[in-house]
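Data block below; observations after.
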Amino acid sequence: MSRWDSEYRSLPADTRVAVNELVNTIFRDKSGFAGKIDPHKQPQWVAQWVAIRDQVLANRQRFAQWLGQAASAIADIAQAIPIFNALDTTPAWIRIARGQIGQHEIAGKMHNPRIMQYIRTCTNIQETERQRQYMEREGEEGVEWCSAFVNWCMQQAGILGTNNALAASWANWGTKLTGPRQGAIVCFSWNGNNHIDHVAFCDEVNGEYKCLGGNQSGYGGQVSSVRFSTGAAKHYRWPANA
């Protein structure tokens with residue numbers, strides 16, 4: 001349980017209602033999703049809702065006029081949205097990547113359409129008709145798609161990635177960082193040598209760094225946020241013009 005989970009649970013009932021109403025309003029504005037979240041089928045929305053809640057709790061003084069009274073008495077809760085937007089310094093590509101958490105491989109002949117969008121950003125595996133046929137036939141089970149996921153997220157943020165399916169293609173991309181930072185693209189080597197086995201984003205959650213990436217644990221491969229291994233991290237890269 002994180003610090004903010006504990007603080008949220010310790011709030012008086014009326015304050016917790018006010019927090020929920022405020023977070024719901026900001027969440028709908030940020031995500032465009034207005035329905036009821038199913039935590040089993042929509043973990044990406046759960047993650048985004050919780051991230052907004054934690055940001056609100058971390059800056060309670062900025063939202064005191066909305067949290068100091070019951071939600072039903074709030075005159076115009078939408079006025080809190082620009083305040084929240086001014087607080088959120090999370091890189092755009094990290095917000096995009098978080099929104100993909102839970103996307104996972106589909107076993108068999110069917111493919112996950114969203115993961116296929118990731119894969120199609122990689123031009124180096126589409127240079128010949130044979131490559132294209134293989135990619136479309138085998139899909140996410142036949143292509144290591146961690147680099148494809150990073151490429152897709154950067155593309156959605158308006159930043160040119162490597163367009164390459166190899167994790168190692170990111171080793172010299174952009175500019176070099178000397179250590180972890182939220183938003184960094186990280187190349188990992190699981191055996192401690194110079195071979196790059198995986199690429200993902202470095203995210204910061206509750207004061208801890210997380211490995212936010214595609215083709216990670218679960219379902220044979222999924223978009224997830226897992227423990228960050230500083231020992232396995234070989235390269236930290238940052239978009240040159242961001």
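Looking at the range 4-35, which of the residues that are β-branched (Val, Ile, Thr) and more than 16 Å from residue 61 (Cβ to Cβ) is farthest from the chain's Cα centre (by Cα)?
Selected residue: 17.
Of all residues in the range 192-228, which are touching a residue at least 60 places away in the same chain (Cβ under 8 Å) and touching a His at 6+ places or on another chain (Cβ under 9 Å)?
Listed by number, the residues that qualify are 213, 215, 216, 218, 219, 220, 221, 222, 223, 224.
Out of 183, 231, 179, which single residue is assigned to a loop (DSSP other than H, G, I, E, B) and free of Cβ contacts under 8 Å to residues at least 40 places away in the same chain?
Being assigned to a loop (DSSP other than H, G, I, E, B) and free of Cβ contacts under 8 Å to residues at least 40 places away in the same chain holds for just one of 183, 231, 179, which is 231.
Residues in the range 208-216: is at least one more than 30 Å from residue 56 (Cβ to Cβ) and in the same structural domain as residue 112 (by TED's automatic domain parsing)?
Yes.
Residues checked against (1) touching a Lys or Arg at 6+ places or on another chain (Cβ under 8 Å); (2) farther than 26 Å from residue 4 by Cβ:
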{"site": "181", "(1), (2)": "no, no"}
{"site": "197", "(1), (2)": "no, yes"}
{"site": "204", "(1), (2)": "yes, no"}
{"site": "215", "(1), (2)": "no, yes"}
{"site": "226", "(1), (2)": "yes, no"}
{"site": "231", "(1), (2)": "no, yes"}
{"site": "235", "(1), (2)": "yes, yes"}
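Taking the range 105-124 on its own, how many of its residues are buried (at least 16 other Cβ atoms within 10 Å of the Cβ), in contact (Cβ under 8 Å) with a residue 40 or more places away in the chain and more than 21 Å from residue 185 (Cα to Cα)?
Here the count works out to 1.
The values are calculated or read from the model by the stated rules, or taken from the named source; none is laboratory data. Here the structure is a predicted model, which means the values were calculated and not measured. All Cβ positions, even for glycine, are placed from backbone atoms using ideal geometry, and neighbour counts span all protein chains on display.
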